[in-house]
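What follows draws every value from the coordinates through simple rules; no lab data is involved. The structure presented is a predicted model; accordingly, all values stated were derived computationally and were not measured. For neighbour counting, all protein chains shown are included, and Cβ atoms are generated from backbone atoms with ideal geometry for every residue, glycine included.
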Amino acid sequence: MDLEIVPVTPFQQNCSLLVCPESGEAAVVDPGGDVDRILSSLEALGATARLILVTHGHIDHIGGVSELAARLHLPVLGPQQEDRFLVEGLPRQVEMFGLEAGDPFEPDRWLEEGDVVEVGRCRLEVRHCPGHTPGHLVFHDPEEGLVVVGDVLFRGAIGRTDLPRGDYQALLRSIREKLLTLPDDTRVVPGHGPLTTIGEERATNPWLRKRV
């Protein structure tokens, strides 16, 4: 599976384009905004978007979902249903952060632990990783050794838990049970900042070395 990162919104959120190299079909993960930029990147790649995946319900990850879905007639999958309050509360998030965003949306399918999403001939395993938000998901491609983790884990850091319904202990448990069980050479695509690997974070991330 090919990967293209499109930074969007003033938060520089990593919107991920996951492209099946055989079919050219793509999943757009967390289109938080700047929809025209996302569309331009898809065109430059020669990729055809087939679906939208959502890791969690914060505005910088979902602000462009409704617009992109409407413009390309795409189904929306995720997050897990415990994030419904955030998705439905998008207007309040707009007011709080002052970002431009589309309308609230109802996913075509709320995803759960153990679900599998197909993108062309590629398969993504769904893992439920609560803590940053209660309905946070990550998407794992075991064939390519790639995991898109949203705001669960970053290079040298972990997700914040001081936002509504964040849970610090749940976040550490999610990282320990759902991410650190992956091979060390697994590439990690965080919601912000540079890519990393499971092995690098296991060895050097101060939050994980001390507490997980």
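Give a quick list of trypsin sites (Lys or Arg not before Pro) in the stretch 129-201 that DSSP marks as loop, anything other than H, G, I, E or B, with at most 13 other Cβ atoms within 10 Å.
Values: sites: Arg155, Arg160, Arg165, Arg173, Arg176, Lys178, Arg187; in loops: Arg155, Arg160, Arg165.
Within the stretch 129-201, the qualifying trypsin sites (Lys or Arg not before Pro) (loop, at most 13 other Cβ atoms within 10 Å) are Arg160.
Name the residues whose placed amide hydrogens come within less than 5 Å of the amide hydrogen of Ala49, ignoring near sequence neighbours (fewer than 5 apart) on the same chain.
Ala26
How high is the relative contact order of the stretch 2-211, given as a whole-number percent (alpha carbon pairs under 8 Å, six or more residues apart)?
Reported relative contact order: 16 percent.
Quick one: what are the phi-derived ³J(HN,Hα) couplings along the stretch 199-205, Karplus 6.51/-1.76/1.60 with θ = phi - 60°, whole Hz, x for glycine and proline?
Per-residue couplings from phi come out as x, 4, 5, 4, 8, 10, 5 Hz.
In the stretch 52-117, which GluC sites (Glu not before Pro) fall in coil by DSSP and have 16 or fewer other Cβ atoms within 10 Å?
Values: sites: Glu67, Glu82, Glu88, Glu95, Glu100, Glu112, Glu113; in loops: Glu100, Glu112, Glu113.
Answer by residue number: Glu100, Glu112, Glu113.
Can you give the helix-only mean residue ellipticity at 222 nm for the chain, where every DSSP H stretch with n ≥ 4 adds -39500 (n - 2.57) and the sum goes over all residues, rounded to the nearest 500 deg cm²/dmol? Don't skip to the answer; put the middle values down first.
On the way: 8 runs with 56 residues, N = 212.
The per-residue figure over the chain is -6500 deg cm²/dmol.
Could you tell me what fraction of 2.2 N^0.38 Å the Cα radius of gyration of the chain comes to, as a two-decimal ratio?
Details: Rg = 15.7 Å, N = 212, 2.2 N^0.38 = 16.8 Å.
After normalising by residue count via 2.2 N^0.38 Å, the value is 0.93.
From the phi angles alone, apply the Karplus equation (6.51, -1.76, 1.60; θ = phi - 60°) to the stretch 109-122 and give each ³J(HN,Hα) in whole Hz, x where the residue is Gly or Pro.
For the stretch 109-122, the Karplus-derived couplings read 7, 6, 9, 9, 3, x, 5, 10, 10, 9, 10, x, 9, 9 Hz, x marking Gly and Pro.
Evaluate the charge dipole of the chain about its Cα centre and quote only its size in Debye, nearest 20, assuming +1 on the Cβ of each Lys and Arg and -1 on the Cβ of each Asp and Glu.
Values: 20 positive and 34 negative charges, 162 e Å.
The dipole of the chain has a size of about 780 debye.
How high is the relative contact order of the stretch 1-120, given as a whole-number percent (alpha carbon pairs under 8 Å, six or more residues apart)? Can you show the working numbers first?
Working: 242 pairs, mean separation 27.5, N = 120.
Relative CO of the stretch 1-120 lands at 23 percent.
For Val189, enumerate residues with amide H under 5 Å from its amide H, sequence gap 5+ or separate chain, H modeled in the peptide plane.
Hits under the 5 Å cutoff: Val147, Val148, Val149.
Starting with the fewest neighbours, write out Cys15, Cys122 ranked by other beta-carbon atoms found within 10 Å of each beta-carbon.
On the way: Cys15 26, Cys122 22.
Fewest-to-most Cβ neighbours within 10 Å comes out as Cys122, Cys15.
Determine the shape class of the stretch 1-124: with a ≥ b ≥ c the square roots of the Cα gyration tensor eigenvalues, call it rounded for a/c under 1.5, and otherwise prolate if a/b is greater than b/c, oblate otherwise. Provide the component values of the computation, followed by the final result.
Values: a/c = 2.04, a/b = 1.32, b/c = 1.55.
In terms of gyration-tensor shape, oblate.
Under a crude label model (7 Å from the Cα following the beta-carbon direction), how far is Glu144 from Leu45 in nanometres?
0.7
Quick one: Glu106, Glu200, Glu25, fewest Cβ neighbours within 10 Å first, how do they rank?
Numbers: Glu106 10, Glu200 16, Glu25 19.
Exposure proxy ranking, most exposed first: Glu106, Glu200, Glu25.
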